[in-house]
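FYI, it's all coordinate maths here, none of it is from the lab. Owing to the predicted nature of the structure, the values given are computational and were not obtained by experimental measurement. Virtual Cβ from ideal backbone geometry, glycine too; neighbours counted across all protein chains shown.
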Amino acid sequence: CTSVVAEDAKGNLFHGRNLDFGLFLGWDAKNKSWTVSEKLKPLVVNLDFKRNNQTVFKSTSFAGYVGMLTGIKPYLFSLTMNERFSLDGGYIGILEWILGKRDGMWMSFLTRSVLENATSYEEAKFHLAQTKLLAPAYFILGGNQTGQGCIITRSRVFTIDTFEIDLKLGRWYVLETNYDHWKEPLFLDDRRTPAMKCMNLTKQTNISLQTLYDVLSTKPILNKLTTYTTLMQVSKGTLESYIRDCPNPCMPW
Amino acid sequence: WAQFIPPYTEDCRTDMYPPKGPTFKGAVSWYTVDLDLPPSKRWTSVITDKKKDLDNMIQAIRDLANAFVPSGRLVELVDITLPLMVNTLPNPFKDEIKGIAADSGIHLGEIILFNIFYEVFTV
């Protein structure tokens, strides 16, 4: 996965993501693609969650999956989640759950609850940072005011780090793939460097949903695992998504 | 410019929007999920449209499981054990998942697996 929250020179916030999934779940040698990733693409749906006929939040999801990996609460905040690898991973959480220790939350149920119930960027950030999880994760959160963009790096129990947009430091965007931002990514899977190179080339003056789509369309940020790209703009309350393909040659991940 | 050896990096793309060409596979349909409905009924319109694709995707996972355990025991294990835990899941997720299983005709255990796949995948 790759998630970005960027602020343009006028203070508009844009949130974009590639949802990559299906690694090692069956390689189709003939078509040079991952079997499960290809089977997930027809399931991609945009959802408008309504209560009293009013939109509560919008999301891009897979039909049949009740949790949320990508969503926007119009005019309030936007949220995506990227996988985080850790030895203290989800399987330990599941074991605890089976053994009756159920004070943690399933990751995508938390994101769904935050999108459904939180009423501000700060409240969303609080719940994403404080709620115990069954599995580690990265939460990428965008808001509706200048500077409201952060990556929350979560272990199952704690928030290890919160990395924010900081215009004074020249940090006009935050970008997350699947590795702690203070560490080098796995050399076999460095999507961060090319993504940041393209963001820096685009510059803050030119960032928009369109140019964010360009960054997310550049290999290897776009790869064989990429099922969809979603673009969100909180100030306009918009969410749009596109099913992706990665023509050969293309990185398997 | 692109390099033809892994990681196949290329020059930063431009003018990709509006989406077109070989990296754009298609638009995404919109559905409304009515939170005023009972949880078990919220996904009926989505699942009515997508149940064939959902079954195809889950079949791919069944095939993968059977590739590891040809006897089919692994799939059986999912079908027997996961429904036992469905009542430990919090609402509305529990009833929504049950509703999806009913609407799709796919085994409850396999819909539960799909919904907790993030945690399971770390295995």
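Take each residue of peptide A:183-194, count the partner chain Cβ atoms within 10 Å of its Cβ, and average: the result is 1. Counting only other chain Cβ atoms within 10 Å of each residue's Cβ, the peptide B:56-64 averages 5. Exposure proxy ranking for A:Tyr65, B:Tyr31, based on other Cβ atoms within 10 angstrom of each Cβ and starting from the fewest, stands as B:Tyr31, A:Tyr65.
Quick check on chain B: take the gyration tensor over C-alpha atoms, sort the square-rooted eigenvalues as a ≥ b ≥ c, and tell me if it's rounded (a/c under 1.5), prolate or oblate.
Details: a/c = 2.52, a/b = 1.44, b/c = 1.75.
In terms of gyration-tensor shape, oblate.
Please find the FRET efficiency linking A:Lys197 to A:Asn31, where r is the Cβ-Cβ separation and R0 is fixed at 30 Å, and quote it to the nearest 0.05.
Numbers: r = 30 Å, r/R0 = 0.99.
Once the sixth-power term is evaluated, E becomes 0.50.
Its DSSP H runs of at least 4 residues, each contributing -39,500 (n - 2.57), put the calculated 222 nm mean residue ellipticity of the protein assembly as shown at -9500 deg cm²/dmol, to the nearest 500.
If you take the square roots of the eigenvalues of the alpha-carbon gyration tensor of chain A and sort them as a ≥ b ≥ c, do you get rounded (a/c under 1.5), prolate (a/b over b/c) or oblate?
Numbers: a/c = 1.26, a/b = 1.01, b/c = 1.25.
Rounded shape, in that the Cα axes give a/c under 1.5.
This ranking places A:Tyr173, A:Tyr75 by how few other beta-carbon atoms lie within 10 Å of each, fewest first, which gives A:Tyr75, A:Tyr173.
Among A:Lys219, A:Lys132, which comes first, second and so on when ranked by fewest other beta-carbon atoms within 10 Å? Present the calculation step by step, with values, prior to reporting the outcome.
Details: A:Lys219 24, A:Lys132 14.
The order, fewest Cβ neighbours first, is A:Lys132, A:Lys219.
If you take the Cα centroid of segment A:184-253 and the Cα centroid of segment B:59-123, the two points sit 31 Å apart. Build a GNM of chain A with springs between Cα atoms under 10 Å apart, and of A:Phe49, A:Phe187, A:Phe139 the one that fluctuates most is A:Phe187. What's the center-to-center distance, using Cα atoms, between segment A:16-31 and segment A:64-113 in Å? Here the answer is 21 Å between Cα centres.
Here each label is just a point 7 Å from Cα along the line to Cβ, and for B:Phe68 and A:Lys101 those points are 2.3 nm apart.
Calculate the FRET efficiency for A:Leu169 and A:Asn53 from the Cβ-Cβ distance with a Förster distance of 45 Å, rounded to the nearest 0.05.
Values: r = 44 Å, r/R0 = 0.97.
Once rounded, the FRET efficiency stands at 0.55.
By its C-alpha gyration tensor, with a ≥ b ≥ c as the square roots of the eigenvalues, how is segment A:1-94 shaped: rounded for a/c under 1.5, else prolate for a/b larger than b/c, else oblate? It comes out prolate by the Cα gyration axes. Projecting the Cα positions of B:Gly105, A:Gly149, A:Val234 onto the charge dipole of the protein assembly as shown (unit charges on Cβ atoms of Lys, Arg, Asp and Glu, taken about the Cα centre) puts A:Val234 furthest along the positive direction.
Charging the Cβ of each Asp and Glu at -1 and of each Lys and Arg at +1, and nothing else, the dipole of segment A:115-179 about its Cα centre rounds to 180 debye. For the protein assembly as shown, A:Cys1, A:Cys150 have no disulfide-compatible partner, since no other Cys C-beta lies under 4.7 Å from theirs.
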